[in-house]
């Protein structure tokens, strides 16, 4: 499937084989869910989360390990409740991703509360672009769509291994976010920043390799990308933290734009990367069930430390 052009009107013809039928069925069901009232959409997400809790044993184990490492003060009952709450959040996140791709603006706009827009405007006034620093919360996709309703920005993304999923995701992101930049395309990223465009970026997953350093994450050495400080140094762009919170009782979503990080980068790559992790920790502690705990955050270990999963 290499080289399929997602803008071609006949792009879908390349994905008609039987191996793609389950993915097409999933997309069809999710599209239909986006046409339901919001309360029913969240009920569907709740159901998906309950099913995943029962069936996705490998991912449940990863979440359990992560949460025990990061919240050792909780007892067994509290850990179990947090893991269950996380899977319900994951289920809702699947529906929210569909809303990001196919939801109508008129349906979504009343569901958002935006705080701190002035921080982004102030940072953009410098004319060097802005890195919108985020993290992998289960609300990530929809949070971006809600901000993009009236704030254009570009997004960095990691390509999906399923080629049909990749094509649908890429087409949706191009419609919603103007430009989707592959994670390893540094030139395109810097070009967007030089043109004064905000670029949305979440550096909190474990990719290992020479562009990462071990810094504490909830007190545990975690392989963490140093790209945020390096991008800010190369471009002069301000770094504005941007987070999304799912509000209780289906009230919608709180979007928070924070003041640009002061004296960042500092010249200390290790210290700057640790600073970002501390910032993310503070936000995660406020809504731990909404963070993406099914990712193997600690899979890369310092020499001599055991693999936890």
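Taking the stated definitions as given, is residue 135 crowded, with 19+ Cβ neighbours inside 10 Å, closer than 28 Å to residue 172 by Cα and more than 19 Å from the chain's Cα centre (by Cα)? Against the criterion (crowded, with 19+ Cβ neighbours inside 10 Å, closer than 28 Å to residue 172 by Cα and more than 19 Å from the chain's Cα centre (by Cα)), residue 135 does not qualify.
In the range 170-184, the residue that is nearest to residue 232 (Cα to Cα) out of those that are assigned to a loop (DSSP other than H, G, I, E, B) and touching a residue at least 12 places away in the same chain (Cβ under 8 Å) is 183.
For beta carbons closer than 9 Å, sequence separation of 6+ or different chains, a first residue in the range 208-230 that is free of Cβ contacts under 8 Å to residues at least 60 places away in the same chain and on the phi > 0 side of the Ramachandran plot and a second that is buried (at least 17 other Cβ atoms within 10 Å of the Cβ) and in a strand (DSSP E or B), the qualifying pairs are 209/223; 209/225. Residue 141 passes every criterion in (1) closer than 23 Å to residue 291 by Cα; (2) touching a residue at least 40 places away in the same chain (Cβ under 8 Å); (3) out of contact with any helix residue (DSSP H, G or I) (no Cβ under 9 Å at 6 or more places or on another chain) apart from (3). Comparison of 129, 116 shows that the only residue that is at positive phi, in contact (Cβ under 8 Å) with a residue 12 or more places away in the chain and in contact with a helix residue (DSSP H, G or I) (Cβ under 9 Å, 6 or more places away or on another chain) is 129. When residue 164 is tested against (1) in contact with a strand residue (DSSP E or B) (Cβ under 7 Å, 6 or more places away or on another chain); (2) buried (at least 20 other Cβ atoms within 10 Å of the Cβ), exactly one condition is not met: (1). Determine, yes or no, whether residue 65 is part of a helix (DSSP H, G or I), more than 14 Å from the chain's Cα centre (by Cα) and closer than 21 Å to residue 290 by Cβ. It is true that residue 65 is part of a helix (DSSP H, G or I), more than 14 Å from the chain's Cα centre (by Cα) and closer than 21 Å to residue 290 by Cβ. Listed by position, the strands (runs of 3 or more DSSP E) inside the range 196-302 whose residues that are in contact with a strand residue (DSSP E or B) (Cβ under 9 Å, 6 or more places away or on another chain) and under 21 Å from residue 86 (Cα atoms) number at least 3 are 238-246, 253-257. Residues that are in a helix (DSSP H, G or I) and without any contact (Cβ under 8 Å) to a residue 60 or more places away in the chain were ranked within the range 185-195; the one that is nearest to the chain's Cα centre (by Cα) is 189.
Applying the set (1) within 29 Å of residue 63 (Cα to Cα); (2) touching a helix residue (DSSP H, G or I) at 6+ places or on another chain (Cβ under 6 Å); (3) free of Cβ contacts under 8 Å to residues at least 40 places away in the same chain to residue 97 leaves exactly one unmet item: (3).
Every number here is computed from the coordinates shown, using simple stated rules; none is lab data. These numbers were taken from a predicted model, which means no experiment stands behind them. All Cβ positions, glycine included, derive from the backbone under ideal geometry; neighbour counts span all protein chains shown.
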